[in-house]
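We did not get these values from a lab; they are worked out from the coordinates using the rules stated. Since the model is a prediction, treat every value here as computed from it, not as a measurement. FYI the Cβ positions are ideal-geometry reconstructions off the backbone, even for glycines, and counts take in every protein chain you see.
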Amino acid sequence: MKDIDQLARDTASLGDVAEIRAILSAVCERTGMGFAAVARITERRWITCQVLDKIDFGLEPGDELVLKSTICDEIRENGKLVVIDHVAADPAWRTHHTPALYGFESYVSIPILLADGSFFGTLCAIDPLPRALDSAEMVATLSGFAEQVAAILSARVDLAATVASGSSTRAEPLAAPARDRATP
């Protein structure tokens, strides 16, 4: 078992539901991409909430990337989605440090906003090959997936808050109750 802290455990627990795994599968199917994830993004951390990895990128729920090495950090700061069909052919992205570091040619990342309007993180996908992503239809579909993820996470956060409200203190606002976690 990996040594991860409470926020990483709670983040992984929040994403440990069949509906989110099904959405990630649909993202990969619709885009042709081999990796899709829900990431929790804070001012200091990028934590995998849930992942579907068909390209051996190597992340599992609870794993982290260095925040400043990600495009998701830029999305946290500006709230705008990013869609890249072909990194090498895109003047705005071909020299960016993130695609070079992680070796992808196509990328999409959409902000996930919880029901209370707070920024949770992103629904993101990468692939080592170029993909046709930057169309109104594709962006609408992927944005719809991000909204579905937001609704699921919002309900789980609300449930965790309801369960925890009986206690006087709570270390992390994103903790999901143990009985909600999927069993192996």
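Show me, for the stretch 43-56, the HN-Hα J-couplings you get by feeding each phi into the Karplus relation (A = 6.51, B = -1.76, C = 1.60, θ = phi - 60°), rounded to Hz, glycine and proline as x.
Those phi angles translate into 5, 10, 9, 10, 10, 5, 8, 8, 8, 10, 10, 9, 10, 6 Hz.
Name the residues whose placed amide hydrogens come within less than 5 Å of the amide hydrogen of I4, ignoring near sequence neighbours (fewer than 5 apart) on the same chain.
Placed amide hydrogens put nothing under 5 Å from I4.
In percent, how large is the relative contact order of the stretch 78-167, given Cα pairs closer than 8 Å and 6 or more residues apart? All intermediate terms of the calculation are to be shown ahead of the outcome.
On the way: 115 pairs, mean separation 24.1, N = 90.
Relative contact order comes out at 27 percent.
Going by Cα centres, the stretch 3-61 and the stretch 128-152 are how many Å apart?
15
Between rounded, prolate and oblate, where does the stretch 31-83 land on the alpha carbon gyration tensor, with a ≥ b ≥ c its root eigenvalues, rounded for a/c under 1.5, else prolate if a/b exceeds b/c?
Numbers: a/c = 2.23, a/b = 1.33, b/c = 1.67.
Here the stretch 31-83 falls in the oblate category.
Would any residue of the stretch 103-124 have its amide N under 19 Å from a label point 7 Å out along Cα→Cβ of D134? List them or say none.
The answer is 103-111, 124.
Nearest 20 debye, what's the magnitude of the dipole of the stretch 17-119 about its Cα centre given +1 on Lys and Arg Cβ and -1 on Asp and Glu Cβ?
Working: 10 positive and 15 negative charges, 24 e Å.
Roughly 120 debye, rounded to the nearest 20.
Under the rule of at least 5 residues apart or a separate chain, name every residue whose amide H is placed under 5 Å from the amide H of I112.
Residues meeting the amide H criterion: F120, G121, T122, L123.
Along the Cα→Cβ direction, 7 angstrom out, place labels at E43 and S118. What is the inter-label distance in nm?
Placing both labels 7 Å beyond Cα along the Cβ direction yields 1.4 nm.
Check C49: other-chain or 5+ apart residues with amide H under 5 Å from its amide H, H built from backbone geometry?
Under 5 Å from the amide H of C49 lie the amide H atoms of V38, A39, R40, G62, each far enough along the sequence or on another chain.
Going by how many other Cβ atoms sit within 10 Å of their own, how do D56, D127 line up, fewest first? Provide the component values of the computation, followed by the final result.
Values: D56 7, D127 22.
Final ranking by Cβ density, sparse to dense: D56, D127.
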